[in-house]
Amino acid sequence: MEKIMTYPVVIVFTPFAIIMTVGFIVCAALLGAWARSVTVSRPPLLVSNPQRVGKLPVMGYNTWNAYYCNINETVVLETAQNMKALGLLDVGYNYVNIDDCYSEKNRSSSGDIVANKVTFPSGMKALTDKIHALEFKAGIYSDSGWFTCQLYPGSYLNEDRDIKLFQDWGFDLLKYDNCAVPFDEIIKEGMVGKFTRMANAIKKLSEESGKPPLVFSLCQWGRNEPWNWARTLGQSWRTTNDTYPEWSAITSILNQNSFYSWASDFYGHNDLDMLEVGNGNITFDEAKSHFTAWALMKSPLLIGTHLSSITQDTLTVLKNTEIIAINQDPVYGTSISPFRWGINPDWTYNATHPAQYWSGQSENGTVFMLLNTLDEPADMFFRLVESPWTRAGRQYSVRDLWTHTENGTAVRNFTAKSVPAHGVVALLLKDAGDEPAGTLPPCSTLEWCMGEDGTLINP
Ligand SMILES: *[C@@H]1O[C@H](CO)[C@@H](O)[C@H](O)[C@H]1NC(C)=O
Ligand SMILES: *[C@@H]1O[C@H](CO)[C@@H](O)[C@H](O)[C@H]1NC(C)=O
Ligand SMILES: *[C@@H]1O[C@H](CO)[C@@H](O)[C@H](O)[C@H]1NC(C)=O
Ligand SMILES: *[C@@H]1O[C@H](CO)[C@@H](O)[C@H](O)[C@H]1NC(C)=O
Ligand SMILES: *[C@@H]1O[C@H](CO)[C@@H](O)[C@H](O)[C@H]1NC(C)=O
Ligand SMILES: *[C@@H]1O[C@H](CO)[C@@H](O)[C@H](O)[C@H]1NC(C)=O
Ligand SMILES: *[C@@H]1O[C@H](CO)[C@@H](O)[C@H](O)[C@H]1NC(C)=O
Ligand SMILES: *[C@@H]1O[C@H](CO)[C@@H](O)[C@H](O)[C@H]1NC(C)=O
């Protein structure tokens with residue numbers, strides 16, 4: 001057995017030892033702070049919108065659906081000029097947004113994203129100056145991962161640097177994608193944290209620069225239910241996979257969004273994806289349905305078709321100011337929602353046959369959208385009290401928001417005759433006083449309808 005020797009320990013506090021100790025503690029603290037800044041800690045969710053930007057859905061143009069990766073400064077500028085010449089700016093489309101593929105594949109030696117030297121030779125500041133001179137705002141694109149979806153530099157771990165660059169370049173909006181996701185053991189904070197990093201960078205830059213925050217448009221395709229959390233980070237969030245220019249994409253996106261239309265309101269909007277009006281084989285009636293649904297569901301409205309060859313029909317759809325007015329309603333920020341599915345039982349999830357009967361509030365009355373999802377024309381009938389927003393015992397003047405006509409007075413019900421296949425009817429119902437005395441039955445909803453003397457009015 002070994003003998004354990006004990007010695008007294010004497011600590012001598014010489015001035016040198018004190019300086020060394022204090023120095024060590026300071027170094028350790030600094031090291032710790034640095035380590036925390038590189039190992040990503042999970043910041044609390046925050047409201048990144050101190051100046052309250054993005055109250056209404058963004059309207060404008062985005063390059064992707066028309067040009068995909070084939071963009072350059074000429075086509076972006078010509079698009080802005082066309083937007084103005086075609087009167088699209090006048091009806092509210094005031095953003096010109098650049099999507100993926102504008103940069104060099106590598107950052108600069110100092111670590112910044114670099115505008116592609118061949119396709120954007122004048123640089124981004126010169127381009128946004130011209131866009132602003134045409135009275136538009138400008139939008140740019142990046143990704144929450146290592147790379148963008150087309151494998152250009154992403155902003156992960158470069159959030160502060162990149163948002164500063166985008167602001168210096170003159171951009172007013174950032175669309176932020178979800179490709180090239182870092183491994184869990186690096187990111188350690190999942191989907192919400194990955195997007196919170198950029199929301200924080202936007203907030204910080206706004207506070208430091210005194211400029212309004214860039215509008216933050218999340219594009220993570222509806223993963224992890226952004227309608228439950230993205231409102232605290234940005235002003236819109238994509239809710240579904242990418243769209244494509246066919247009727248089946250429109251019905252599928254509508255079907256999914258019918259289950260969380262409640263999530264849109266001022267400053268935070270379900271993004272149903274960019275418009276395909278004018279693209280693929282979408283017919284005039286389908287385009288009207290597409291545009292009506294997106295607008296009345298308070299989605300951002302971003303045109304994505306070639307403006308140099310746009311047709312009159314496409315312009316007629318995109319420039320329906322009565323439909324746009326609902327999207328941009330300054331008093332009611334909420335989406336229309338279904339009150340009856342129609343051919344399918346209520347709450348049916350069906351990608352080809354979504355809900356058909358919708359209503360919502362507007363500053364001028366109750367808005368109705370009737371969607372004929374069938375492949376042949378159909379009459380579409382509803383009773384006024386099926387909508388929560390119309391009052392029993394009152395009658396309503398009916399305005400057709402596509403024919404721009406007054407269509408009489410509805411008492412108790414309304415029928416739209418021969419709605420075309422895949423077509424839409426959009427109506428604005430305004431209170432027009434009491435319904436005619438003696439209108440029968442005494443209650444338009446017979447459930448528990450009773451006289452003052454206790455007589456039950458049986459159906
Ligand atoms: C710019 O892009 C447009 C659209 O893809 C293309 O038609 C045009 O040729 C391009 N111009 C240049 C100079 O690359
Ligand atoms: C881009 O960066 C990668 C990785 O650092 C390097 O291998 C490649 O040579 C660079 N490409 C160019 C065009 O500089
Ligand atoms: C969306 O895309 C993902 C990944 O490709 C796929 O698993 C999912 O089924 C798609 N959702 C819908 C509704 O199409
Ligand atoms: C559009 O194209 C799709 C796919 O080819 C097809 O299924 C659909 O019937 C077409 N729609 C119209 C209106 O032509
Ligand atoms: C309400 O009516 C006024 C006057 O016609 C119009 O300027 C405004 O755009 C309408 N608002 C909505 C949300 O339709
Ligand atoms: C969707 O609804 C239509 C109309 O009721 C029906 O014919 C079709 O089978 C449904 N599709 C699915 C996948 O249930
Ligand atoms: C619609 O309302 C009118 C006027 O009250 C009434 O005469 C008619 O029977 C109603 N139609 C249906 C199908 O309820
Ligand atoms: C409203 O009236 C116009 C003009 O008569 C007509 O073309 C349109 O189909 C009517 N709308 C509805 C929903 O009945």
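The values are calculated or read from the model by the stated rules, or taken from the named source; none is laboratory data. Keep in mind it's a predicted model, so treat the numbers as computed, not measured. Every residue, glycine among them, receives a Cβ derived from its backbone with ideal geometry; neighbour counts consider all protein chains shown.
When you check T405 against the structure, is it out of contact with any Phe, Trp or Tyr (no Cβ under 6 Å at 6 or more places or on another chain), free of Cβ contacts under 8 Å to residues at least 24 places away in the same chain, away from ligand 4 (no atom under 16 Å from the Cβ) and not assigned by TED's automatic domain parsing to the domain that holds W262, yes or no?
yes
Collect the residues in the stretch 359-385 that are crowded, with 22+ Cβ neighbours inside 10 Å and within 16 Å of ligand 5 (Cβ to nearest atom), keeping them in residue-number order.
Passing the criteria: S359, G360, V367, F368, M369.
Quick test of your reading of the structure: T373 fulfils all but one of (1) touching a Pro at 6+ places or on another chain (Cβ under 8 Å); (2) away from ligand 4 (no atom under 16 Å from the Cβ); (3) not in a strand (DSSP E or B). Name the failing condition by number.
So T373 meets the others, but not (2).
Go through the stretch 290-316 and report how many residues are over 15 Å from the mean Cα position of the chain (by Cα), more than 19 Å from S248 (Cα to Cα) and crowded, with 24+ Cβ neighbours inside 10 Å.
Number of matching residues: 0.
Looking at the stretch 396-412, which of its residues are acidic (D, E) and either within 16 Å of ligand 1 (Cβ to nearest atom) or under 21 Å from E386 (Cβ atoms) (or both)?
The one that is acidic (D, E) and either within 16 Å of ligand 1 (Cβ to nearest atom) or under 21 Å from E386 (Cβ atoms) (or both): D400.
Give the residues of the stretch 149-170 that are in a loop (DSSP other than H, G, I, E, B), touching a Ser or Thr at 6+ places or on another chain (Cβ under 7 Å) and within 23 Å of G60 (Cα to Cα), sorted by residue number.
G170
Out of V118, V181, I need the residue that is of a type in the set (A, V, I, L, M), within 22 Å of N241 (Cβ to Cβ) and in the same structural domain as N200 (by TED's automatic domain parsing). Which one?
V181
I need the full set of residues from the stretch 317-349 which are surrounded by fewer than 16 Cβ atoms within 10 Å (Cβ to Cβ), polar (S, T, N, Q) and in contact (Cβ under 8 Å) with a residue 60 or more places away in the chain, in order please.
T321
Table: residues versus (1) in the same structural domain as M297 (by TED's automatic domain parsing); (2) in contact (Cβ under 8 Å) with a residue 12 or more places away in the chain; (3) among the hydroxyl-bearing types (S, T, Y).
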| residue | (1), (2), (3) |
| --- | --- |
| V192 | yes, yes, no |
| T196 | yes, yes, yes |
| N200 | yes, yes, no |
| L205 | yes, yes, no |
| G210 | yes, no, no |
| P213 | yes, yes, no |
| C219 | yes, yes, no |
| R223 | yes, yes, no |
| A230 | yes, yes, no |
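Among the residues of the stretch 238-262, write down those that are buried (at least 22 other Cβ atoms within 10 Å of the Cβ) and in contact with a Phe, Trp or Tyr (Cβ under 7 Å, 6 or more places away or on another chain).
R238, T239 - these are the residues of the stretch 238-262 that are buried (at least 22 other Cβ atoms within 10 Å of the Cβ) and in contact with a Phe, Trp or Tyr (Cβ under 7 Å, 6 or more places away or on another chain).
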